[in-house]
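What follows is one structure encoded as structure tokens, with my remarks underneath.
The values are calculated or read from the model by the stated rules, or taken from the named source; none is laboratory data. Not measured: the values here are computed from a predicted model. Don't worry about glycine lacking a Cβ; one is built from the backbone with ideal geometry, like all the others, and counts go over all protein chains shown.
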Amino acid sequence: MPNIIKKVAQKESATSDKVIEKTSTTLDTLEITSDWFKSKSHQSLYYATLRKGYTNQTLFALLDVKKSASLEKVWAKRYWKTFHCSSIILQNGNDIKGGLCRQRWCQNCNRIKTAELRNKYEEAFKNLQQDDDLLFITLTSPTVKRGKLNDEITKRYKGFARIKDNLRKNYGIKLIGGRKLEVTYNQEEDLYHPHFHFIQKGKKESELLLKLWLEQFPNAKLKGQKIILIPKNNEGKDLQEIFKYATKHEVKDDISADALHHIYSCLKGRRIFQPYGKLKGVKRVVEKKENSLNGDWLRSGNHIWKFDRHELDYINEYDEIMLNTQSIKNQISLEERRVNKNKN
């Protein structure tokens, strides 16, 4: 078995940083120095409100997807629950609170879930890295047609379970790490790609995991797999990757909306992130049922704020606007164009 573990070189890291910097837009700098936001809480809720607006657009497309008569009401209820996620914000003094739907197709709830998982497991993974190498692994198999996606996901879950049992019984090795399922869709080819990402302890264990995976899935090609050594000083960037969403929440048209709904249907009831082995230092993290912020930019009082999807803002009983979203968006857009013009 060839050693395909790639150590992250300083040159690769520098290149990666440049890519991130380039694609994160000029707003990273603008947010810090501008007067557009009256406080950190104001800024945080502004971006959460933009995500809610984008989520709602996706929901309307998902609701329009044709479903079987028996499942139409079931999925409509799930999607409408997300539509109402934080649609009402209650203000008590300067405390503001909104309920959460906790659904995986909600961008804001996904961010909260990612943060919870990271808080829960990050210390445990760092503890593993003190004892041995920690590796980021991607294991794939050929893409599949729509009708085979659900069975293929089940097949890959069972395949990993067999690999763990094989290593324990025949090699005396107990795997320790975490596994995340991700499913992507290629609209041009109309194919689905379920695959696993792992954070795995030990170089030997990682190479054996890859070897047995290729035996379980003989159609999988070696070049489609990836094992990368995680540097000890990368500030948890790879850990962030494994806790992220299970699929990209992108809807371009009716076809992509139908594909996204199909992915959610196949993921229903499945645990996307799963730790395995004995992880030490796992923290107890309580799942948030509501989101709370300090409305320090608002006048103190008791108000009910309702989300307006046209204004992308919250409006209270006196028709006052909470965030001034549209004005801030326009100012940011103008500043971006000015900065980009100066660069050119």
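Checked against the criterion of being modelled with pLDDT under 85 and under 18 Å from THR55 (Cβ atoms), the candidates LYS244, LYS306 yield just one match: LYS244.
Within the range 74-109, count every residue that is among the basic types (Lys, Arg) and over 27 Å from HIS262 (Cβ atoms). Total meeting the criteria: 1.
Among the residues of the range 297-344, those that are part of a strand (DSSP E or B), out of contact with any Leu (no Cβ under 6 Å at 6 or more places or on another chain) and surrounded by 13 or more Cβ atoms within 10 Å (Cβ to Cβ) comprise HIS303, TRP305, LYS306, PHE307, ASP308, TYR314, ILE315, ILE321. Among the conditions (1) acidic (Asp, Glu); (2) more than 24 Å from HIS84 (Cβ to Cβ); (3) in contact with a helix residue (DSSP H, G or I) (Cβ under 6 Å, 6 or more places away or on another chain), the only one that GLU336 does not satisfy is (3).
The residues of the range 29-88 that are part of a loop (DSSP other than H, G, I, E, B) and within 30 Å of VAL339 (Cβ to Cβ), listed by number, are SER34, ASP35, TRP36, PHE37, LYS38, SER39. For first residues located in the range 133-159 and touching a residue at least 24 places away in the same chain (Cβ under 8 Å), partners that are assigned to a helix (DSSP H, G or I) and among the acidic types (Asp, Glu) and lie 6+ apart or on another chain with Cβ distances below 6 Å form the pairs PHE136/ASP238; VAL144/GLU152.
To keep it simple, each residue is scored yes or no on (1) out of contact with any Asp or Glu (no Cβ under 8 Å at 6 or more places or on another chain); (2) within 18 Å of ASN316 (Cβ to Cβ); (3) surrounded by 14 or more Cβ atoms within 10 Å (Cβ to Cβ).
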| residue | (1), (2), (3) |
| --- | --- |
| GLN43 | no, no, yes |
| TYR47 | yes, no, yes |
| THR55 | yes, no, yes |
| LEU59 | yes, no, yes |
| LYS73 | yes, no, no |
| ARG78 | yes, no, yes |
| SER86 | yes, yes, yes |
| ILE96 | yes, yes, yes |
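Contact map, the range 95-115: first residue among the acidic types (Asp, Glu), second residue crowded, with 18+ Cβ neighbours inside 10 Å, Cβ cut-off under 9 Å, separation 6 or more or different chains; pairs are ASP95/LEU293; ASP95/GLY295. Checking the stated criteria, HIS262 turns out to be surrounded by 11 or more Cβ atoms within 10 Å (Cβ to Cβ) and at negative phi. Considering LEU293, LEU267, the condition of being modelled with pLDDT of 95 or more, within 24 Å of LYS120 (Cβ to Cβ), within 19 Å of the chain's Cα centre (by Cα) and among the hydrophobic types (A, V, I, L, M, F, W, C) is satisfied by LEU267 alone.
Per-residue answers, yes or no, for (1) of a type in the set (Lys, Arg); (2) touching a strand residue (DSSP E or B) at 6+ places or on another chain (Cβ under 9 Å):
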site	(1), (2)
LYS158	yes, no
ILE163	no, no
ASN166	no, no
LEU175	no, yes
LYS180	yes, yes
LEU208	no, no
LEU212	no, no
GLN216	no, no
ALA220	no, yes
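The lone criterion from (1) over 20 Å from ILE112 (Cβ atoms); (2) surrounded by fewer than 19 Cβ atoms within 10 Å (Cβ to Cβ) left unmet by LYS283 is number (1).
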